[in-house]
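**Student:** Below is the structure I would like to discuss, written out as structure tokens.
The values are calculated or read from the model by the stated rules, or taken from the named source; none is laboratory data. These figures come from a predicted structure and were not determined experimentally. For neighbour counting, all protein chains shown are included, and Cβ atoms are generated from backbone atoms with ideal geometry for every residue, glycine included. Side chains are part of the model used for accessible areas, which takes the heavy atoms of the whole protein and leaves out ligands, DNA and RNA. Shrake-Rupley method; radii C 1.70, N 1.55, O 1.52, S 1.80 Å.
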Amino acid sequence: MSIKSYSRARAVHAMLVYTGGCNGCDIEIVNTVLSPKFDIEQYKIFLTWNPREADVLIVTGPVTKHNEKPLKEIYDAIPEPKAVIAAGACALMGGVYKNIHGDIPSEEIAGPVEEVIPVDAKVPGCAVRPQDVLAGAVAALPKLLGAK
Amino acid sequence: MDKNDKAKRQEVIETEVTMGTVHPAALEPYRVRLFVEDEIVRDAEITVGLNHRGIERIMEGLPVEKANSLTEKICGICSNSHIWNSVMVAEKGLEIEIPERASYIRIIMGELERLHSHLLYLAHGNEVLGHETFAMRLFFIRETVMELLRMIGGNRVQYGCSIIGGVRPRCELDLMRIQKLNEGMDIIEEKIGQFADRFVSDPIVMSRITGVGVLTKKDALRLAATGPTLRSTGVDMDLRRDMEIYDPFDFDIITQQDGDVKANLLMRVLEIPESIKIIRQAVKNIPSGPITDRSWEMQDTGIIKSYIEVPRGKLLHSYALEEGRVRGSIVRTPSITNIAAMQHACIGNHISDAQLAIVQCDPCFTCTDRAIKITKIEI
Ligand code: SF4
């Protein structure tokens with residue numbers, strides 16, 4: 001293992017972007033995953049708010065029209081290699097906001113996330129369970145570490 | 001220049017600090033422009049609207065049960081309050097009397113939600129303050145509440161507890177759940193007491209938050225702030241006192257005088273024991289009987305309004321029913337006026353305190369972004 005990938009495996013920075021969901025998923029991720037009970041920092045994953053520092057982008061929410069451009073900009077600002085985790089029913093398929101009417105599309109929603117930026121790991125649930133977020137984050141790690 | 005030929009403060013001040021659209025202070029997308037002179041904030045402007053999902057539009061024409069569970073997705077913090085109030089609108093319109101046991105369970109859920117919202121606020125406030133130890137401790141206390149909510153509602157965020165005519169059968173309180181509730185309340189009461197002691201006796205924290213982000217009583221009333229933000233300025237107003245369902249319970253309404261960050265934080269610390277008191281009374285006196293009344297019939301109603309007190313203030317839900325479908329739904333959440341108050345609270349502070357002043361009003365942008373105002377622009 002080169003020294004670069006060795007150190008990279010020990011300092012993975014995750015950034016959370018909220019794109020218009022109900023806040024439930026974000027609170028579960030930030031306040032539970034990073035709080036003492038579930039504590040993702042024990043796997044050497046840290047939270048950051050600076051896209052240039054980030055390795056993993058966690059996206060929640062159905063991506064509203066207004067949020068489409070900021071999300072793309074944030075994605076572009078993250079240096080390679082990067083991984084994207086879509087968390088929550090909203091991020092995976094638009095959630096209730098997009099689908100409750102059946103086939104009639106909602107005009108406010110541009111998502112799901114997959115249609116805006118490429119997604120590597122998907123975490124289901126409304127709201128996501130903290131244990132699942134941990135599993136999703138760990139599943140996205142090989143992509144980061146495998147890249148030279 | 002506006003009509004009186006007087007330059008607005010925004011136009012004369014050159015230095016502008018912009019936070020947004022994704023900023024750690026509030027997690028949610030919004031933009032704050034601070035107009036700064038000599039490092040003092042002279043004017044602030046907050047833009048919301050980035051997460052407009054048009055929930056009221058989606059609700060239009062949906063069957064009422066579906067619409068009720070959609071309201072829960074307005075906000076992930078007060079999800080229970082939204083569904084509770086939305087169900088109450090239908091119950092008012094259809095003149096349904098819910099069983100007494102159901103209203104007790106609803107109150108227990110409502111107060112547990114108030115506990116988790118206040119603990120989240122305190123933890124977040126302490127994190128912004130820079131005191132991570134307190135923040136982590138509070139998150140740990142909050143986990144106890146989340147466990148209780150998961151035990152009763154079956155999920156950590158979206159519980160779907162209330163339905164028209166009562167509460168869902170899975171939210172029934174059996175003996176084991178009641179015992180766990182009692183144990184949980186003991187733990188929270190003990191830990192929050194310890195926290196409160198350390199919090200008020202820490203001179204560094206106290207000097208950091210005293211006199212920061214002051215909102216005067218006059219401004220709070222003028223800007224129609226609600227909930228704890230209003231109570232922290234000395235106005236004794238709590239809708240729980242007027243809600244019929246809270247009549248059997250005995251609790252105090254907390255007010256503070258200063259309207260600064262300290263008053264706001266203490267407000268929450270002191271409201272937590274009151275909520276615990278309500279839950280204890282509810283658990284002790286819960287009547288036996290059915291929890292759902294299914295003997296109601298659908299009929300058309302006019303527009304019905306219902307106000308309740310939620311953790312962050314006064315919440316309005318209103319709609320009319322037509323052949324079992326929702327028409328003309330309106331939701332008004334407390335944050336919409338609290339955000340105006342928060343804009344005001346930023347002014348006059350040092351730039352480094354602006355973040356505290358923003359967090360102080362407990363803003364929730366998710367639930368605020370629904371209404372759109374269409375204005376004509378003359379060119
Ligand atoms: S998946 Fe559910 S909890 Fe998560 S943001 Fe969407 S509605 Fe909220």
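**Student:** Sorted from largest down, give the three principal axis spans of the alpha carbons of segment B:120-273, whole angstrom values.
**Tutor:** Principal extents (largest minus smallest coordinate, Cα): 48, 36, 26 Å.
**Student:** Leaving out ligands, DNA and RNA, what percent of the accessible area of segment B:280-319 is carbon and sulfur, probe 1.4 Å? The partial results should precede the final answer.
**Tutor:** Details: 980 of 2090 Å².
Carbon and sulfur atoms account for 47 percent of the accessible area of segment B:280-319.
**Student:** In nm, give the distance between the simple-model label positions of B:Asp242 and B:Glu190, each being 7 Å from the Cα along the Cα-to-Cβ direction.
**Tutor:** 4.1 nm
**Student:** Further question: Quick one: of B:Lys180/B:Lys262; A:Lys72/A:Lys98; B:Lys73/B:Lys218; B:Lys66/B:Lys305, which pairs are farther than 24 Å apart, Cα to Cα? Write down the numbers at each step before the final one.
**Tutor:** On the way: B:Lys180/B:Lys262 33 Å; A:Lys72/A:Lys98 20 Å; B:Lys73/B:Lys218 34 Å; B:Lys66/B:Lys305 19 Å.
Beyond 24 Å: B:Lys180/B:Lys262; B:Lys73/B:Lys218.
**Student:** Related question: Say a paramagnetic label sat at a point 7 Å from the Cα of B:Val235, along Cα to Cβ; which residues of segment B:197-222 have their backbone N under 17 Å from it?
**Tutor:** B:214-222
**Student:** Same structure, new question: Over chain B, what is the relative contact order in percent, taking alpha-carbon pairs closer than 8 angstrom and at least six residues apart?
**Tutor:** Working: 676 pairs, mean separation 93.7, N = 379.
RCO, chain B: 25 percent.
**Student:** So, one more: Say a paramagnetic label sat at a point 7 Å from the Cα of B:Glu297, along Cα to Cβ; which residues of segment B:59-89 have their backbone N under 20 Å from it?
**Tutor:** B:64-65
**Student:** Could you work out, for segment A:3-146, what percent of all Cα-Cα pairs fall into each 5 Å distance bin, beginning at 0 Å and stopping at the bin that holds the largest distance?
**Tutor:** 2, 11, 21, 23, 20, 12, 6, 3, 1, 0, 0
**Student:** Compute the FRET efficiency between B:Asp38 and A:Glu73 as 1/(1 + (r/R0)^6), taking r as their Cβ-Cβ distance and R0 = 22 Å, and round to the nearest 0.05. Intermediate results must be reported in sequence, preceding the final value.
**Tutor:** Working: r = 33 Å, r/R0 = 1.48.
So the FRET efficiency works out to roughly 0.10.
**Student:** Using alpha carbon centroids, what distance separates segment A:1-77 and segment B:100-126, in Å?
**Tutor:** 28 Å
**Student:** On a full-extension model of 0.36 nm per residue, what is the gain between B:Arg170 and B:Glu16, subtracting their alpha-carbon distance, rounded to one decimal in nm?
**Tutor:** Between B:Arg170 and B:Glu16, full extension yields an extra 50.2 nm.
**Student:** Next question, about the same structure. Running Debye on chain B with equal point scatterers at the Cα sites and no solvent, what base-10 log of I(q)/I(0) appears at q = 0.07, 0.09, 0.10, 0.12 Å⁻¹?
**Tutor:** -0.33, -0.54, -0.67, -0.94
**Student:** Still on this structure, I have one more. Based only on the alpha carbon positions, what is the Kirkwood hydrodynamic radius of segment A:1-81, in angstrom? Provide the component values of the computation, followed by the final result.
**Tutor:** Values: mean 1/r = 0.0731 Å⁻¹.
Hydrodynamic radius (Kirkwood, Cα pairs) of segment A:1-81 is 13.7 Å.
**Student:** Between B:Glu45 and B:Glu323, what is 0.36 nm times their sequence separation minus the Cα-Cα distance? Round to one decimal in nm.
**Tutor:** Numbers: separation 278, 0.36 × 278 = 100.08 nm, distance 4.38 nm.
Stretched out fully, the B:Glu45 to B:Glu323 stretch lengthens by 95.7 nm.
**Student:** Now for a separate question. To the nearest 500 deg cm²/dmol, what mean residue ellipticity at 222 nm is calculated for chain B from DSSP H runs of n ≥ 4 alone, each contributing -39,500 (n - 2.57), summed and divided by the residues? Mind dumping the intermediate values first?
**Tutor:** Working: 14 runs with 177 residues, N = 379.
That calculation yields -14500 deg cm²/dmol at 222 nm.
**Student:** Rounded to two decimals, what ratio of Rg to Rh does the protein assembly as shown give with C-alpha atoms and a Kirkwood Rh? Please list the in-between numbers first.
**Tutor:** Details: Rg = 23.1 Å, Rh = 24.0 Å.
Checking Rg against Rh, the ratio lands at 0.96.
**Student:** Let me ask something else about it. What ranking of B:Lys284, B:Lys73, B:Lys262 comes out by heavy-atom accessible area, probe 1.4 Å, highest first? Kindly include the intermediate steps, with their values, before the conclusion.
**Tutor:** On the way: B:Lys284 170, B:Lys73 35, B:Lys262 55 Å².
Listed by decreasing accessible area, they come as B:Lys284, B:Lys262, B:Lys73.
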